[in-house]
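The values are calculated or read from the model by the stated rules, or taken from the named source; none is laboratory data. What you are looking at is a predicted structure, and each value in this text was computed from that prediction instead of being measured. Cβ atoms come from the backbone with ideal geometry, glycine included; neighbour counts cover every protein chain shown.
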Amino acid sequence: MLTFVFYLFFLLIFVVFAVYAERKTAAFIQNRLGPMEVGPKGILQTIADLLKMLQKEDIKADAVDKLPFLLAPFIVFTAVFAGFSVLPLNAYVAGSSISGGLFLLLAIISLDVLGILMAGWSSNNKYSLYGAMRSVAQIISYEVPIGLSVLCVVLITGTLDLQEMSIQQTGSGFLSWNIISHPVLLIPLVIFFIAALAESNRTPFDLPESESELVAGYHTEYSGFRWGIFMLSEYGMMLLLSIVATIIFFGGWNSPIPNFGSLKLYEWTSGMYWGTFWLLSKSLLLVFVQMWVRWTLPRLRVDQLMSLSWKYLTPLSLLMLFVCGIWKLWLVS
Amino acid sequence: MSYFKNISYALRTTRKGLALTLKYFFSARFRRNSKSVAAANYFDGEKGTFTVQYPNEEIPVPDHGRYKLHNEIDDCIVCDKCAKICPVDCIDIEPIRAVEEYGKTSDGTPLRIHAAKFDIDMAKCCFCGLCTVVCPTECLTMTNEFDYSTADILDHNFSFGKMTEKEITEKRNEFEEFQAKKETIKSNPSSEKIKPVSLKKTGAKPVLKPRPTPKRK
């Protein structure tokens, strides 16, 4: 319950500043300054945008299918936010105690595709429908490599509980992280990261809302608050998958600093607040990487997207599952 | 095999692209200096953000750039040369002859014509700078002011004449009276002679001032 309250507020604040960070990152990479006018260095720009967005008219076109149209944004957000329920926050606050937490998380966030399809189909607009179709095809395709790469970690750690997984990585700073103590997980990490970009419809996999082709994809017909919910879910998905990556590969809430002889750096930087700090700062670093990738790589074509998933990531993740199995056998023996 | 080649190509290009954007991301710590084009190191310091937040900061422009025209009306002898050379006829002058020399410009040229109107329509101006070249007293210059956009295009017509309506009619009447008087003298030569005043426009000889000519390399 505590994690729910924390993550809801954290998500809302995160979205406001992530949009700002996204614009600043884009600007810096492109030798620009980005938002500079509202507040010092433009830090309040998103808040101004948010206030403007909330005042906008909630437009419902005549030809839309009313009920799915109105419901879709909330289904998307609910699906994404439900994923946060199983995330631990620190060593003492563990989230929902479901033994199959990671499995539930992957299952429930793939429901957001339903909301996206509802939005696209009910909008009665060819761009929306195209966007929704692409999104469905993309998310379903990338469920496979993301599931398999997570399975590699599950195979090695032997648990689906995210808190249990974090506790296993406790001890000697970054040396006990899964990615360091089990180097075979490096390729699953890359696969997970690529698939996570696709899951959250981020560039280079932003075909569902590719502005240059589809106006705004599945949310073309949405305005004001309902559009804001879509935006919130998109950034929520980014954060969620970054936190998951942090927990399963980068030690979750564990401090990255190992002990040096008599310097008990690890113990000094552990604890309730430290744990939350480490979890969130590692996740936000991954969010930055997602933004960085967005302003580096151009968008993939639909056929390239499919071939990347089915011809490259899926076989590779199957192979890595096999390799991780052997690694686990070698560790046990 | 092209399958593995594709993988290695994708990895290599992604790594290179990410390295490039990260370099740019960190170079945003620096800002390109707002240097004048005349500065010797103008092309140095390409690193960093390029944005000039215009109303708050400006890139310095050359003092002798071709921007807004300015006429120092006190030094103007109303010779009409600028209006004549202007290719787009943006200078509108209404001269009134004075009955006698009424002053001197700062370079010592005698003033013999009043400027009832000296309007420059910057909306028509083609910024060729010919008017400033022909100006004998160098009262017409191009300033470094370039931001004078207005909501109404008529506001781009700048008036430099500073005579009031009253002064204009006064001077006009004065001249007409003088002309009439001259006519009567012409028709009746036996009457008293008045001192002739040169009314030729070319009477105002400017003091010769050599201009510095740009050296060619």
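In segment A:110-125, the count of residues that are within 19 Å of the chain's Cα centre (by Cα) and at pLDDT below 85 is one or more.
Out of all the residues in segment B:69-96, which are of a type in the set (V, I, T) and assigned to a loop (DSSP other than H, G, I, E, B)?
First, the residues of segment B:69-96 that are of a type in the set (V, I, T): B:73, B:77-78, B:85, B:88, B:91, B:93, B:96.
Within segment B:69-96, B:I77, B:V78, B:V88 qualify.
Of everything listed in (1) surrounded by fewer than 21 Cβ atoms within 10 Å (Cβ to Cβ); (2) among the polar types (S, T, N, Q); (3) more than 14 Å from chain B (Cβ to nearest Cβ), the single unmet condition for A:T246 is (1).
Every listed requirement among (1) aliphatic (A, V, I, L, M); (2) under 22 Å from the mean Cα position of the chain (by Cα); (3) within 14 Å of chain B (Cβ to nearest Cβ) is met by A:M237 save one, (3).
In this entry, A:F205 passes the filter for residues that are in contact (Cβ under 8 Å) with a residue 12 or more places away in the chain and of a type outside the set (D, E).
From the list A:E199, A:E211, A:E164, the lone residue that is acidic (D, E) and touching a residue at least 60 places away in the same chain (Cβ under 8 Å) is A:E199.
May I ask you to list the residues in segment A:11-24 that are surrounded by 17 or more Cβ atoms within 10 Å (Cβ to Cβ) and out of contact with any Lys or Arg (no Cβ under 8 Å at 6 or more places or on another chain)? Walk me through it before giving the result.
Within segment A:11-24, the first condition is being surrounded by 17 or more Cβ atoms within 10 Å (Cβ to Cβ), and the residues that meet it are A:11, A:14-16, A:18-24.
Result: A:L11, A:F14, A:V15, A:V16, A:A18, A:V19, A:Y20, A:A21, A:R23, A:K24.
Just a yes or no: is a residue in segment A:25-46 among the aromatic types (F, W, Y) and away from chain B (no Cβ under 14 Å)? Please lay out each step first, then the result.
Within segment A:25-46, the first condition is being among the aromatic types (F, W, Y), and the residues that meet it are A:28.
Among the residues that remain, those that are also away from chain B (no Cβ under 14 Å) are: none.
Taking every residue of segment A:25-46 in turn, none turns out to be among the aromatic types (F, W, Y) and away from chain B (no Cβ under 14 Å).
Taking (1) part of a helix (DSSP H, G or I); (2) in contact (Cβ under 8 Å) with a residue 12 or more places away in the chain; (3) within 14 Å of chain B (Cβ to nearest Cβ) in turn, A:L11 satisfies each apart from (3).
Residue-level check: of (1) over 22 Å from the mean Cα position of the chain (by Cα); (2) away from every other protein chain (no Cβ under 14 Å); (3) surrounded by 11 or more Cβ atoms within 10 Å (Cβ to Cβ), B:D107 misses just (1). Exactly one residue out of A:L129, A:L175, A:L207 is farther than 23 Å from A:V16 by Cβ, over 22 Å from the mean Cα position of the chain (by Cα) and modelled with pLDDT under 85: that is A:L175.
Can you tell me which residue among B:V99, B:V61, B:V37 is within 30 Å of A:A27 (Cα to Cα), part of a loop (DSSP other than H, G, I, E, B) and in contact (Cβ under 8 Å) with a residue 60 or more places away in the chain? Before you say what the answer is, go through the steps one by one.
On the way: B:V99 fails: within 30 Å of A:A27 (Cα to Cα); B:V37 fails: in contact (Cβ under 8 Å) with a residue 60 or more places away in the chain.
Answer to the check: B:V61.
Selection over segment A:256-267 of residues that are part of a helix (DSSP H, G or I) and either under 30 Å from the mean Cα position of the chain (by Cα) or buried (at least 21 other Cβ atoms within 10 Å of the Cβ) (or both) gives a count of 2. So which of B:D89, B:D80 ends up being on the phi > 0 side of the Ramachandran plot and either within 14 Å of another protein chain (Cβ to nearest Cβ) or without any contact (Cβ under 8 Å) to a residue 40 or more places away in the chain (or both)? Residue meeting the stated conditions: B:D89. The lone criterion from (1) more than 21 Å from B:Y148 (Cβ to Cβ); (2) assigned to a loop (DSSP other than H, G, I, E, B); (3) at pLDDT 85 or above; (4) small (G, A, S) left unmet by B:G108 is number (3). Just one residue in the set B:A28, B:A40, B:A123 is within 27 Å of B:H156 (Cα to Cα) and of a type in the set (G, A, S); that residue is B:A123. Every listed requirement among (1) out of contact with any Gly (no Cβ under 7 Å at 6 or more places or on another chain); (2) more than 14 Å from chain A (Cβ to nearest Cβ) is met by B:I7 save one, (2). The single condition among (1) part of a helix (DSSP H, G or I); (2) out of contact with any Lys or Arg (no Cβ under 6 Å at 6 or more places or on another chain); (3) not β-branched (V, I, T) that A:W253 does not meet is (1). Filtering segment B:151-176 to residues that are surrounded by 12 or more Cβ atoms within 10 Å (Cβ to Cβ) and among the small types (G, A, S) leaves B:S159, B:G161.
Scanning segment B:119-140 for residues that are in a strand (DSSP E or B) and of a type in the set (V, I, T) gives a single hit, B:I120. For B:L18, the conditions (1) more than 14 Å from chain A (Cβ to nearest Cβ); (2) out of contact with any Cys (no Cβ under 7 Å at 6 or more places or on another chain) all hold with the exception of (1). Picking from residues in segment B:27-54 that are at the interface with chain A (Cβ under 8 Å from one of its Cβ atoms) and of a type outside the set (G, A, S), the one that is surrounded by the fewest Cβ atoms within 10 Å (Cβ to Cβ) is B:Q53.
Matching residues to (1) under 18 Å from A:I179 (Cα atoms); (2) in contact with a Leu (Cβ under 9 Å, 6 or more places away or on another chain); (3) within 14 Å of chain B (Cβ to nearest Cβ):
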residue	(1), (2), (3)
A:W278	yes, no, no
A:K282	yes, no, no
A:T296	no, yes, yes
A:R299	no, yes, yes
A:L308	no, yes, yes
A:L319	yes, no, yes
A:V323	yes, no, no
A:I326	yes, no, no
A:L329	yes, no, no
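This table checks each residue for (1) in contact (Cβ under 8 Å) with a residue 12 or more places away in the chain; (2) in contact with a Pro (Cβ under 9 Å, 6 or more places away or on another chain).
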{"residue": "A:V19", "(1), (2)": "yes, no"}
{"residue": "A:R32", "(1), (2)": "no, no"}
{"residue": "A:I43", "(1), (2)": "yes, yes"}
{"residue": "A:D65", "(1), (2)": "yes, no"}
{"residue": "A:P88", "(1), (2)": "yes, no"}
